[in-house]
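As structure tokens, the structure follows; a few thoughts come after it.
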Amino acid sequence: MPTCKHCNGKFTAEELVRHEYERVLVVHCPDCGCVLGQYNRHSEAPKTDHKSDSNRGVTE
């Protein structure tokens, strides 16, 4: 279970927020927004994953 080093929140992988910039995937905490990791993207995927936003009542 990933833990945010900034707010100490514990989340499942599904709860994390993901954004793709160019070919880099950035994963950050759904509570405080702290970046948890950056990864090279090697396949096509949605530009932004808002799974956790719908759970928090966030709208675009």
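Sort out which residues of the range 1-36 are at pLDDT 90 or above and on the phi > 0 side of the Ramachandran plot, and write them in order of number. Selection gives N8, G33.
Just one of (1) at pLDDT 85 or above; (2) surrounded by 11 or more Cβ atoms within 10 Å (Cβ to Cβ) fails for V58. It is (1).
In the range 1-24, the residues that are outside any strand (DSSP E or B) and exposed (fewer than 15 other Cβ atoms within 10 Å of the Cβ) reach residues that are polar (S, T, N, Q) and at pLDDT below 90 with C-beta atoms within less than 7 angstrom, at least six apart or across chains, in these pairs: R23/N40.
The values are calculated or read from the model by the stated rules, or taken from the named source; none is laboratory data. As the structure is a prediction and not an experimental result, all values here were calculated from the model. Positions of Cβ are backbone-derived with ideal geometry, glycine not excepted, and every protein chain shown enters the neighbour counts.
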